[in-house]
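> First the structure, then my questions, so here it is.
The values are calculated or read from the model by the stated rules, or taken from the named source; none is laboratory data. In this text, all values refer to a predicted model and were calculated from it rather than measured experimentally. Here the Cβ positions follow ideal geometry from the backbone for every residue, glycine too, while neighbour counts run over all protein chains shown.
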Amino acid sequence: FDTFHSRLIEGNTVDTKPEFRQPAIDHAWNWFEYHANQRLMMIRFYLTIGAATATGVGYLWIANQFFLSCMLSLVGVITSICFMRLDRRVAVLLRIGEEALKRQQTALAVSLGAKEFEICRLADELRTSGGRRKFAHPFTYGENFRLLFSTAAIAFAGMFVADLFQLLGCVRT
């Protein structure tokens with residue numbers, strides 16, 4: 001979450017009137033829910049595309065079609081990088097929704113006198129302490145997704161290089 005967006009959110013300190021609190025909470029929740037669902041649909045789509053691409057690369061490698069395997073591996077690298085960039089964008093949009101929810105949850109907690117309704121803040125505090133992680137697991141969705149995209153991109157890049165070696169005759173099979 002970059003500093004531009006955090007400054008944008010911090011600068012908006014409009015206090016929600018009680019009669020607008022529920023519509024504000026609903027709006028923030030709908031925003032968050034829409035982008036969270038979009039993120040999960042994107043991951044499912046990536047898994048399908050990535051698995052099909054990996055299957056194609058493997059099949060072409062076994063069939064000694066190194067040029068086609070090389071090109072498909074390159075598509076896999078590019079696809080993984082593109083999906084990683086899309087996920088970063090959606091993560092920013094989710095964080096904006098979380099910040100809006102956090103403000104409304106704070107207002108709700110103050111009006112009810114019950115801190116347990118500051119769910120977003122409590123989740124952040126549980127995860128970190130003094131700027132450091134309290135525990136290594138569980139990882140966030142974003143961390144897991146970046147690991148997935150990075151690992152796949154490296155694997156596709158490895159196959160790309162292996163195919164190039166085969167095409168250039170550097171390796172005999």
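> Return yes when Phe45 is among the aromatic types (Phe, Trp, Tyr) and at pLDDT below 90 and no when it is not.
no
> Hey, does the stretch 49-70 have a residue that's modelled with pLDDT of 95 or more, among the hydrophobic types (A, V, I, L, M, F, W, C) and assigned to a loop (DSSP other than H, G, I, E, B)?
Yes - at least one qualifying residue is present in the stretch 49-70.
> Of the conditions (1) over 18 Å from Asn144 (Cα atoms); (2) surrounded by 15 or more Cβ atoms within 10 Å (Cβ to Cβ); (3) of a type in the set (Val, Ile, Thr), Thr55 fails just one. Which one is it?
(2)
> Further question: Can you list residue pairs whose Cβ atoms sit under 7 Å apart, with the first residue in the stretch 58-86 being surrounded by 15 or more Cβ atoms within 10 Å (Cβ to Cβ) and the second being among the basic types (Lys, Arg)? Count only pairs 6 or more apart in sequence or on different chains.
Met84/Arg146
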